[in-house]
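Let me begin by presenting the structure, written as structure tokens, before commenting on it.
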Amino acid sequence: RLQESRERLSVCSKLCYAVGGAPYQITGCALGFFLQIYLLDVAQLDPFYASIILFVGRAWDAITDPMVGFFISKTSWTRFGRLMPWIIFSTPFAVISYFLIWFVPDFSRGQVMWYLIFYCIFQTLVTCFHVPYSALTMFISREQSERDSATAYRMTVEVLGTVLGTAIQGQIVGKVVTPCIESPLFIGKTNSSVAMEELNMTHDTGSLTDTRNAYMIAAGVIGGLYILCAMILSVGVREKRESSELQSDEPVSFFRGLKLVMNHGAYIKLIAGFLFTSLAFMLLEGNFALFCTYTLGFRNEFQNILLAIMLSATLTIPLWQWFLTRFGKKTAVYVGISSAIPFLIMVAVLDSNLIVTYIVAIAAGISVAAAFLLPWSMLPDVIDDFKLQHPDSHGHEAIFFSFYVFFTKFTSGVSLGISTLSLDFAGYQTRGCSQPSEVNFTLKMLVSAVPVGLILLGLLLFKLYPIDEEKRRKNKKALQDLR
């Protein structure tokens, strides 16, 4: 009891730790929901080039995670800790590169390279923030209950961060109406290209400039929040070296540690399951703005629908924390993530109705909360199980977290690239007021049928995950004895 009381974290420490998760979610939410429609309708890039930017940016983001994990494992301890210097020094450069993503340069020939370069730079710098922050979970306390409690605080703030990202980006941008071009269906085939050119030439571009300014204002506000959260984290959290170390710890090389981690069955089964469920929600996130704008016809409402989803998710995080404590984490996975399936089907099958869409959005937010909370709550259990099997190996926390993020980001990059290419093949019209029926059908598949299939596959893989509540309690007692 005395040892547990020493390991207890104050509410203030948990809150300061939790605030550090907001920058990644605020920026990630803004990019996830709005970057695709921004590149297509504001920067006016061809869908093919937009797909390249989205794929390469996400793929590069995935590659940087294990790279940063490797360099962290080689970093020496300082008086600020081993992880905190990465967080502090990456922040100002990340904010600058994030702002430049939402800036439309005057030149037209190099726009693709502009967005590709700054998107990749930002993803690298935000990785230098988020990988050490994720691994920090193992360095704040040795008690599972305290880590789980801190993770619940973190997930609540992270989902609140998605609300802020959605609200700031959506409400600022939503105040300005992005101009669109009517499809010239009434024009004969022989003159359609000429008429389209005339429509482009005569259309008022003043509000498009306003839209671009709105995106930059939103980027500036989000950049300020990024810096504020990083400051609170660095001041309010103390990194404890002894929290992750056992009595028998000895240094092990990174590549040997990587081999050990990748041969750990519980870890592979966990990331395999969450790989598909996370991919389902990322695919939904990337295409939801286009789906609301064109398929449902809610051009001026989609930012409010997104806000309803994120508010619902934020309010239900404590519910899922109670649920996993009461019924176990595996049960929470099955109940929480599968609850999204009927609502994903409903939004694609039912006719466009704003009230029904809001009801579905609120209900879907409950499942989003579970998808946010559970991976980060279950990863520390896998690391504890690894430590029991390899008591002479330590310092690999960053590998566990970074490679989980690597797999989810890489596959999401592939899926977003393919989805944007699918829209191109379906005949997506840049800045169109409406889209062809083939585009609307493709969007329905991307936000309904494909995510449902991925969720079902992920839940099937979770049947193989070996750490249930009884196993988790045994691991906790064995770790206390070993320490």
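The values are calculated or read from the model by the stated rules, or taken from the named source; none is laboratory data. Note that this is a predicted model, so its numbers are computed, not measured. Quick reminder, even Gly has a Cβ in these numbers, built from the backbone with ideal geometry, and neighbours come from all protein chains shown. SASA here: full protein model, heavy atoms, side chains in, ligands and nucleic acids out. Shrake-Rupley method; radii C 1.70, N 1.55, O 1.52, S 1.80 Å.
Here are a few things to note about the model shown:
- With respect to the conditions (1) surrounded by fewer than 20 Cβ atoms within 10 Å (Cβ to Cβ); (2) under 22 Å from residue 170 (Cβ atoms), residue 43 lacks only one, and its number is (1).
- Pairs with Cβ under 7 Å, 6+ apart, first in segment 293-311 and within 14 Å of residue 353 (Cβ to Cβ), second open to solvent by 20 Å² or more (accessible area, probe 1.4 Å): 295/440; 295/444; 296/352; 297/352; 298/354; 301/354; 305/298; 305/358
- Number of the exception - residue 27 against (1) in a helix (DSSP H, G or I); (2) more than 21 Å from residue 218 (Cα to Cα); (3) polar (S, T, N, Q): (2)
- Here residue 74 meets each of (1) modelled with pLDDT of 85 or more; (2) in contact with a helix residue (DSSP H, G or I) (Cβ under 8 Å, 6 or more places away or on another chain); (3) open to solvent by 30 Å² or more (accessible area, probe 1.4 Å) with one exception, condition (1).
- Set 293, 331, 325, 277: member being of a type outside the set (Phe, Trp, Tyr) and over 29 Å from residue 141 (Cβ atoms): 293
- Residue within segment 321-334 that is open to solvent by less than 20 Å² (accessible area, probe 1.4 Å), modelled with pLDDT of 85 or more and among the β-branched types (Val, Ile, Thr) present: yes
- Residues considered: 248, 244, 149. Of these, the only one that is at pLDDT below 50, surrounded by 15 or more Cβ atoms within 10 Å (Cβ to Cβ) and within 30 Å of residue 385 (Cβ to Cβ) is 244.
- Hey, residue 276 part of a helix (DSSP H, G or I), open to solvent by less than 10 Å² (accessible area, probe 1.4 Å) and modelled with pLDDT of 80 or more or not: no
- Per the listing 122, 129, the residue uniquely within 18 Å of residue 238 (Cα to Cα) and touching a helix residue (DSSP H, G or I) at 6+ places or on another chain (Cβ under 8 Å) is 129.
- In the set (1) open to solvent by 50 Å² or more (accessible area, probe 1.4 Å); (2) at pLDDT below 80, residue 140 fails one condition alone, (1).
- Among the helices (runs of 4 or more DSSP H) confined to segment 394-482, the ones with at least 3 residues that are closer than 16 Å to residue 381 by Cα are located at 397-426, 469-482.
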